[in-house]
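Quick notes on the structure that follows.
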Amino acid sequence: MKNKKIKIFLAAPRGFCAGVDRAIEIVKKSIKKYGSPVYVRHEIVHNKHVVENLKKIGAVFVEELDEIEDKTRPVIFSAHGVPKSVSKNAFNLNMTYVDATCPLVSKVHREAENINRQGMHILLIGHKNHPEVIGTMGQLHSGAIDLIENIEDASRYVNNSGKQLAYITQTTLSVDDTKEIIQVLKSKFPQIYEPKKDDICYATTNRQEAVKKIAPKCEIFFVIGSRNSSNSVRLVEVAKKNGSKYAELIHSESFIPFEKIENCKTIGISSGASAPEVLVKQFLDELKMRFTIDIEEVEVKKENILFKVPKKLN
């Protein structure tokens, strides 16, 4: 089997983005500053490998603040952002908290507040129950934002608010799918207010562009990432839509489908923005044990963005 040759197109950029790097660093620095345990509300980023490693050094993950028995211990809010009610609750409980919300998600939060102040009604394009969507909708009073999940929602939407409409988006969506939804909204509501800058984050856009470039050359495309990672799941969809015959998410409980790989000559590989590079390396090592592989990295853009951690942790 080892003499079977496979060409691998490795997407770049892939893996960790600046917001994920910053969030993980915030947890590590908080443990260093405050000792353990440090509590984290929700998975800091959507990746089991990252969460398990942080548990080993003293992070305890909870879904809600009331699960924390010792309220003298610090709590960190995940990179996805939280509703205002959560930070208000932490303040009322006199808890020390560190907000690890990605700055690009915070930008969308501020945008929502500004649009609301201007008296407009907001449509948020995103996925129901995703923590980022819950956090964004929780920046304003109930009813100030309506969720649009797909083209059907956009087509059916009726503006009962009597106000001008504006739209914002979740940062980890499919660029192409979102464009289609926006087109429907614009044709239906020509006066709809749009953000001055695209809300979909640079990392999501770049990773999707890299997948688009190599997907047509690939018989199989693998995305390393978690099932609850929106941007990872979108990469699988992008690979399928852009020419890869087959695409699959490789998550913590996945078995590598060697029987499928044996029957092909070209593979594409990328990883979601919350997946560490070590998981890509492990995947490649598994392939190297069974096949002769030739790796070509295809880079569409250099990324050198860095988000600083809060000053109180330095």
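The values are calculated or read from the model by the stated rules, or taken from the named source; none is laboratory data. These numbers come from a predicted model, not from an experiment. Neighbour counts run over all protein chains shown; Cβ positions are idealised from the backbone, glycine included.
Identify all residues within segment 125-163 that are assigned to a helix (DSSP H, G or I), touching a strand residue (DSSP E or B) at 6+ places or on another chain (Cβ under 9 Å) and over 23 Å from I44 (Cα atoms); write none if there are none.
Within segment 125-163, D153, A154 qualify.
What tally of residues in segment 201-237 results from selecting those that are part of a loop (DSSP other than H, G, I, E, B) and over 16 Å from the mean Cα position of the chain (by Cα)?
Of the residues in that region, 2 qualify.
From the list E152, E219, which residue is under 30 Å from L284 (Cβ atoms) and not aromatic (F, W, Y)?
Just one listed residue meets the conditions, E219.
Working only within segment 15-40, note down all residues that are touching a Ser or Thr at 6+ places or on another chain (Cβ under 9 Å), more than 30 Å from K301 (Cα to Cα) and aromatic (F, W, Y).
Passing the criteria: only Y34.
Which pairs do you get when a residue that is in contact (Cβ under 8 Å) with a residue 40 or more places away in the chain and outside the structural domain of S274 (by TED's automatic domain parsing), found in segment 37-55, comes within reach of a residue that is of a type outside the set (A, V, I, L, M, F, W, C) and part of a helix (DSSP H, G or I), reach meaning Cβ atoms under 6 angstrom, with the pair 6+ apart or on two chains?
H42/P131
Go through (1) assigned to a loop (DSSP other than H, G, I, E, B); (2) within 18 Å of T171 (Cβ to Cβ) and name the single condition I122 misses.
(1)
Going by what's in this entry, would V62 be described as under 19 Å from the mean Cα position of the chain (by Cα) and closer than 25 Å to N231 by Cβ?
no
Would you mention how many residues in segment 295-314 are more than 24 Å from K217 (Cα to Cα), of a type outside the set (D, E, K, R) and in contact (Cβ under 8 Å) with a residue 60 or more places away in the chain?
7
Mind checking which residues of segment 262-314 are closer than 21 Å to C102 by Cα and hydroxyl-bearing (S, T, Y)?
S271, S274
With respect to A23, determine if the residue is under 25 Å from K213 (Cα atoms) and in contact (Cβ under 8 Å) with a residue 24 or more places away in the chain.
no
Taking segment 265-294 only, how many residues are outside any helix (DSSP H, G or I) and either out of contact with any Phe, Trp or Tyr (no Cβ under 8 Å at 6 or more places or on another chain) or among the acidic types (D, E) (or both)?
7
The conditions are (1) in contact with a helix residue (DSSP H, G or I) (Cβ under 9 Å, 6 or more places away or on another chain); (2) more than 30 Å from Y97 (Cβ to Cβ); (3) at pLDDT below 95, and E259 fails exactly one of them. Which is it?
(1)
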